[in-house]
Amino acid sequence: MGFANSTCSFTRFRILDPVPDALWPQIPDKLKQFAFRDIDDIPEMQAQGWVCFEDMLDSEWAVAPPQKGAYIVFSLRLDMRRIPAGVVKKHLALALRQEKERMREQNKTFISRERKKELKEQVMLRLRQRFLPVPGEFNVLWATDKNEVWFASTQNKMIDLFMEEFLKTFELHLEQLTPYTLAASMLDEESLIRLDQLEATQFAPLA
């Protein structure tokens, strides 16, 4: 999902805070500080971080630097393990069956809630080691001359994650540029009051 594709859906933001002059030369180091870390060999469900715009496997920016003239470009990589619910259900049922057999040998019949929770955690841990995470890449374009940031996604969860990661990395707050915020930035106070009083037009009868 990126700006290099023939078509791309993206979300625009503006930076609300003044950008300190000292930040610009620190950006490559800050990207590396919060760069993506692989979870293929550890049982984590999710990992996210920054990677090179040109190569999502490059978290050291060996391929190309993020600075491109008046723009800073990089990508947010998100890897997630997706374990089908049916697989979890099957292996949990097998674990419970084995637990019942073990308890029967000890003349016990009741499995406590804590033990069931423990069994589920053990099942999930084993399954995480068997399922590789699915990688995702979302390009970021920072127009330094306009104080705008473009993010190659329109999914609410991805937008929230991106804003959190951007704030954590650069200590700068973002505001999503919706039609309302764009209009508000161009109108005077009187016009903004009239805008707030507008009601949506109904094009079809309500069901």
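Entry comment: accessible area of the chain is 66 Å² per residue, from protein heavy atoms only and a probe of 1.4 Å. Quick one: Kirkwood hydrodynamic radius for region 65-131, alpha-carbon pairs, angstrom, one decimal? It is 15.2 Å. On the principal axes of its alpha-carbon atoms, region 90-198 has extents of 79, 34, 24 Å, going from largest to smallest. If you plug the beta carbon distance of LYS32 and HIS173 into 1/(1 + (r/R0)^6) with R0 = 22 Å, you get a FRET efficiency near 0.50.
Modelled this way, with points 7 Å down the Cα-to-C-beta line, the labels at MET186 and PHE203 are 2.1 nm from one another. Could you work out what % of the accessible surface of the chain is carbon and sulfur, using a 1.4 angstrom probe and leaving DNA, RNA and ligands out of the count? Reported share for carbon and sulfur atoms: 53 percent. With a Förster radius of 30 Å applied to the C-beta separation of GLN46 and TYR71, the computed FRET efficiency comes to 0.55. Residue by residue, region 153-165 carries 3J(HN,Hα) couplings of 6, 10, 6, 4, 5, 5, 4, 4, 5, 4, 4, 5, 5 Hz when phi is fed to the Karplus relation 6.51 cos²θ - 1.76 cosθ + 1.60 (θ = phi - 60°); x denotes Gly or Pro. Computed on the Cα trace of the chain, the radius of gyration divided by the Kirkwood hydrodynamic radius gives Rg/Rh = 1.15. Between TRP24 and ARG194, the FRET efficiency estimated from the beta carbon spacing at R0 = 30 angstrom works out to 0.15. If one computes P(r) from the Cα atoms of region 1-107, what percent of pairs lie at distances over 22 Å? The answer is 55 percent, as a whole percent.
The values are calculated or read from the model by the stated rules, or taken from the named source; none is laboratory data. Note that this is a predicted model, so its numbers are computed, not measured. Reconstructed Cβ throughout: ideal geometry from the backbone, glycine too, with neighbour counts over all protein chains shown. Ligands, DNA and RNA are excluded from the accessible area calculation, which covers all protein heavy atoms including side chains. Shrake-Rupley method; radii C 1.70, N 1.55, O 1.52, S 1.80 Å.
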